[in-house]
Amino acid sequence: MGELSRRIPHLRSRALVLPAIAVQAIAWLVVIAWPGAAPVWLLYVLAFALAMGGPASMIAFDHARTHNPAHRLSTATGITNVGGFLAALIAIFMIGLALDLQGAGTPDTYRLDAFRLAFLTQVPLWVIGWMFIVIERRKTRMLLGLDEPRRGRPARARD
């Protein structure tokens, strides 16, 4: 993923990050929807998909370095780091809460169906993350002059 990111710097989010999110979401949804226990081969597919998340998330740090002034790099890197951890903590909290609300809060009360429902709490995070990547990508590309503002909207003055 690093080599691809280097070769296509202006397409990183669209060609690497968004597809990585899609692959992860699809793999999760297939595992969740699988009737009965998922087969081991499918869990390997899920593990591979989830392993793409680390390298894909590192692209965010490169974006922060590339598109922020030098005097704001530490703040931009910090916000990037906190954003990823916050999303992970929200996902963990929501999965745990969903398990508790279903009465599956301890290993003695775990049920496969409870986990299926609990893991679905990740869907809003995927959608929100995807949506903000698309929105901020567009804004950044317009700011850099790589894309034109949409028709019907007045162009903002640049400093």
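The values are calculated or read from the model by the stated rules, or taken from the named source; none is laboratory data. Since this is a predicted model, take the numbers as computed values, not measurements. Note that each Cβ is placed from the backbone with ideal geometry, even for glycine, and that neighbours are counted across all protein chains shown.
Just to be sure before I move on: is Leu112 loosely packed, with under 14 Cβ neighbours inside 10 Å and either closer than 21 Å to Ile135 by Cβ or touching a residue at least 40 places away in the same chain (Cβ under 8 Å) (or both) in the structure I sent? Step through it out loud before you land on a result.
Working: loosely packed, with under 14 Cβ neighbours inside 10 Å: yes; either closer than 21 Å to Ile135 by Cβ or touching a residue at least 40 places away in the same chain (Cβ under 8 Å) (or both): yes.
Considered against the rule, which asks whether it is loosely packed, with under 14 Cβ neighbours inside 10 Å and either closer than 21 Å to Ile135 by Cβ or touching a residue at least 40 places away in the same chain (Cβ under 8 Å) (or both), Leu112 comes out as yes.
Please find, within the range 2-14, the residue that is nearest to the chain's Cα centre (by Cα) out of those that are surrounded by 14 or more Cβ atoms within 10 Å (Cβ to Cβ) and small (Gly, Ala, Ser). Within the range 2-14, the match that is nearest to the chain's Cα centre (by Cα) is Ser13. Scanning the range 25-39 for residues that are within 21 Å of Tyr110 (Cα to Cα), among the small types (Gly, Ala, Ser) and either in contact with a Phe, Trp or Tyr (Cβ under 7 Å, 6 or more places away or on another chain) or exposed (fewer than 14 other Cβ atoms within 10 Å of the Cβ) (or both) gives Ala33, Gly36, Ala37.
Taken together, Leu46, Leu120, Leu42 contain a single residue that is in contact (Cβ under 8 Å) with a residue 24 or more places away in the chain and either under 30 Å from Ile8 (Cα atoms) or surrounded by 14 or more Cβ atoms within 10 Å (Cβ to Cβ) (or both), which is Leu120. Within the span defined as the range 127-134, every residue fails to be at pLDDT 90 or above, over 21 Å from Ile21 (Cβ atoms) and in a helix (DSSP H, G or I).
Within the range 123-138, the residues that satisfy the criterion of being loosely packed, with under 13 Cβ neighbours inside 10 Å and farther than 16 Å from Ile59 by Cα are Pro124, Val127, Ile128, Met131, Ile135.
Is there a residue in the range 79-90 that is over 14 Å from the mean Cα position of the chain (by Cα) and either of a type in the set (A, V, I, L, M) or in a helix (DSSP H, G or I) (or both)? The answer is yes; a qualifying residue exists.
If the condition is being under 19 Å from Phe119 (Cα atoms), of a type in the set (A, V, I, L, M, F, W, C), touching a residue at least 12 places away in the same chain (Cβ under 8 Å) and assigned to a helix (DSSP H, G or I), then the range 50-62 contributes only Leu50.
Only one of these is closer than 28 Å to Thr140 by Cα and assigned to a helix (DSSP H, G or I): Ala25, Ala47. Name it. Spell out how you get there, then give the answer.
Details: Ala47 fails: closer than 28 Å to Thr140 by Cα.
Exactly one residue qualifies, and that residue is Ala25.
Going by the conditions given, is Arg65 touching a residue at least 12 places away in the same chain (Cβ under 8 Å), basic (Lys, Arg) and buried (at least 16 other Cβ atoms within 10 Å of the Cβ)? Answer is no for this residue.
With respect to the conditions (1) part of a helix (DSSP H, G or I); (2) of a type in the set (A, V, I, L, M); (3) more than 23 Å from the chain's Cα centre (by Cα), Leu99 falls short on a single one, namely (3). Out of the range 44-64, which residues are over 12 Å from Ala20 (Cβ atoms) and either in contact with a Lys or Arg (Cβ under 7 Å, 6 or more places away or on another chain) or of a type in the set (Phe, Trp, Tyr) (or both)? Within the range 44-64, Tyr44, Phe61 meet the criteria.
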